[in-house]
Amino acid sequence: MLISFIGQKGIPAKNGGVDRHVENLARFLVAKGEEVIVYNRKNYLENNSTEWQGVKLVSLPFIDHQNLAAITHGFLATIDAIKRKVDVIHYHGIGPSLLAWIPRIFAPKIKVVSTLHSFDYGNDKWSGFAKFMLKLGEASMCRFAHEVIVLTETMRDYLLQRHERESTIIPNGAHIKVNHGSDKLKEFGLESGKYILSVSRLIRLKGLQYLIPAFKNIKGDEKLVIVGDGDYLLELKKIAADDQRIIFTGNQTGETLEQLYTNAKLFIQSSEMEGLSISLLEAMAYGLPCLASEIVANQQATGEAAIYFTSKDINDLEEKLNYCLANPEKMNEIGRSGKERAENIFNWEKISADALKIYKK
């Protein structure tokens, strides 16, 4: 079976979210004997490689503008996939799903699958027109895709109520590589077990503007390590300016990210809104105790294997952070429970098998 993925910036992933999801799903499907094409944005990789771990990579151009990059790349990818006569086009996200009508009309033998990863129109970075088009993409997903995949029960219920569309729950997964080394930590002045970790895109919805002030009130020599990049970075650095314990590492992948997860004392996920956070799932899989905002998506991810704070509440976040640091035995227990939950539920072997059932269906 020839399966094409459209909607990601590219793989191997430089960020979390959709790219990490596609990276893992693609390589696990290849391991099952399927042929997978992933469409990368041109120059996403310096050498524009054509293969990665058995996955075929196709690099295509796009209009380099915030509101046009995804849709122009997705359009060219759709045309290319039709020309290649793929068996399945899998759109990742509501934006690319705006194009789902094209293969339904011009290549009716191709099966169309769309995954709702998040409600992107909730992000303030989009203009009013862009938010309208994203909502139109959500409607297009529900109207034209043969099968719709969602990450959580909340998403499934929403599509049923809003669009009267049935969907299948296949969550994000956690694929980890434990790395007990610590040499990469020296670059950031870190010591094993003496820092708190947050991994995300640096945008307002990730709630780091609440985490940083809360951490600044915490006494002790633990550091706060913020991994990621985004258009909110400069604002966050201003908030953190007078506290040398707060470390911004930029985007990290591979061995460096593995060591940052493996050696952390605590993981914090402070988002105001999520689909199903891959970084949170991966923190659980590493056995890290987690402190998370009490939004529904986080509770569906971690269940009872986390400590929760009220979203956007700096005082409550500070109080819960102090609790976590003062109760290591309790946090170790939470870390063990989270690891077991991640291995049982958010396992890429199972997730890829469930996705393959959808394609074959």
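The values are calculated or read from the model by the stated rules, or taken from the named source; none is laboratory data. Only a predicted model underlies this, so the values are computations on that prediction, with no experimental measurement involved. Backbone-built Cβ (ideal geometry, glycine too); neighbour counts: all protein chains shown.
Sort out which residues of the range 56-96 are part of a strand (DSSP E or B), buried (at least 21 other Cβ atoms within 10 Å of the Cβ) and among the β-branched types (Val, Ile, Thr), and write them in order of number. I'd like the intermediate steps shown before the answer.
Taking the range 56-96 first, the residues part of a strand (DSSP E or B) are 56-60, 88-92.
Now drop any that are not buried (at least 21 other Cβ atoms within 10 Å of the Cβ), which leaves 88-92.
Within the range 56-96, Val88, Ile89 meet the criteria.
Residues in the range 1-48 that are polar (S, T, N, Q), touching a residue at least 12 places away in the same chain (Cβ under 8 Å) and on the phi > 0 side of the Ramachandran plot: Asn43 alone.
Inside the range 19-51, residues that are within 13 Å of His73 (Cβ to Cβ) and either part of a strand (DSSP E or B) or of a type in the set (A, V, I, L, M, F, W, C) (or both) make up a count of 4.
Taking the range 305-330 as the range and being assigned to a helix (DSSP H, G or I), within 16 Å of Ser293 (Cα to Cα) and not polar (S, T, N, Q) as the test, the residues that pass are Ile314, Asp316, Leu317, Glu318, Glu319, Lys320, Leu321, Tyr323, Cys324.
Residues in the range 270-304 that are among the acidic types (Asp, Glu) and in a strand (DSSP E or B): how many? First the steps, then the outcome.
Taking the range 270-304 as the starting set, the residues that turn out to be among the acidic types (Asp, Glu) are 272, 274, 282, 294, 304.
From the residues that got through so far, the ones that are in a strand (DSSP E or B) too are none.
Total meeting the criteria: 0.
For the range 160-183, the criterion of being among the hydroxyl-bearing types (Ser, Thr, Tyr), surrounded by fewer than 22 Cβ atoms within 10 Å (Cβ to Cβ) and touching a strand residue (DSSP E or B) at 6+ places or on another chain (Cβ under 9 Å) is met by at least one residue.
The number of residues in the range 6-59 that are β-branched (Val, Ile, Thr) and more than 21 Å from Ala355 (Cα to Cα) comes to 2. When we screen Leu321, Leu291, Leu317 for residues that are free of Cβ contacts under 8 Å to residues at least 40 places away in the same chain, crowded, with 17+ Cβ neighbours inside 10 Å and within 21 Å of Ala214 (Cβ to Cβ), the only hit is Leu291.
Residue-wise test of (1) touching a helix residue (DSSP H, G or I) at 6+ places or on another chain (Cβ under 8 Å); (2) buried (at least 24 other Cβ atoms within 10 Å of the Cβ); (3) aromatic (Phe, Trp, Tyr); (4) more than 19 Å from Ala77 (Cα to Cα).
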| residue | (1), (2), (3), (4) |
| --- | --- |
| Ile110 | yes, no, no, no |
| Val113 | yes, yes, no, no |
| Gly122 | yes, no, no, yes |
| Glu147 | yes, no, no, yes |
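If the condition is being over 18 Å from Ile71 (Cα atoms) and of a type outside the set (Phe, Trp, Tyr), then the range 18-30 contributes Arg20, His21, Glu23, Asn24, Leu25, Ala26, Arg27, Leu29, Val30. Does Ala69 satisfy being in the same structural domain as Ala355 (by TED's automatic domain parsing) and at pLDDT 95 or above? Spelling it out, it is not the case that Ala69 is in the same structural domain as Ala355 (by TED's automatic domain parsing) and at pLDDT 95 or above. For beta carbons closer than 9 Å, sequence separation of 6+ or different chains, a first residue in the range 122-145 that is more than 23 Å from Gly207 (Cβ to Cβ) and a second that is among the basic types (Lys, Arg) and part of a loop (DSSP other than H, G, I, E, B), the qualifying pairs are Met141/Arg165; Cys142/Arg165; Arg143/Arg165; Ala145/Arg165. Checking each residue in the range 97-108 for being surrounded by fewer than 15 Cβ atoms within 10 Å (Cβ to Cβ) and not in a helix (DSSP H, G or I) picks out only Pro108.
Would you confirm, using the coordinates I've provided, whether Ser311 is in contact with a helix residue (DSSP H, G or I) (Cβ under 6 Å, 6 or more places away or on another chain) and more than 16 Å from Ile196 (Cα to Cα)?
It is false that Ser311 is in contact with a helix residue (DSSP H, G or I) (Cβ under 6 Å, 6 or more places away or on another chain) and more than 16 Å from Ile196 (Cα to Cα).
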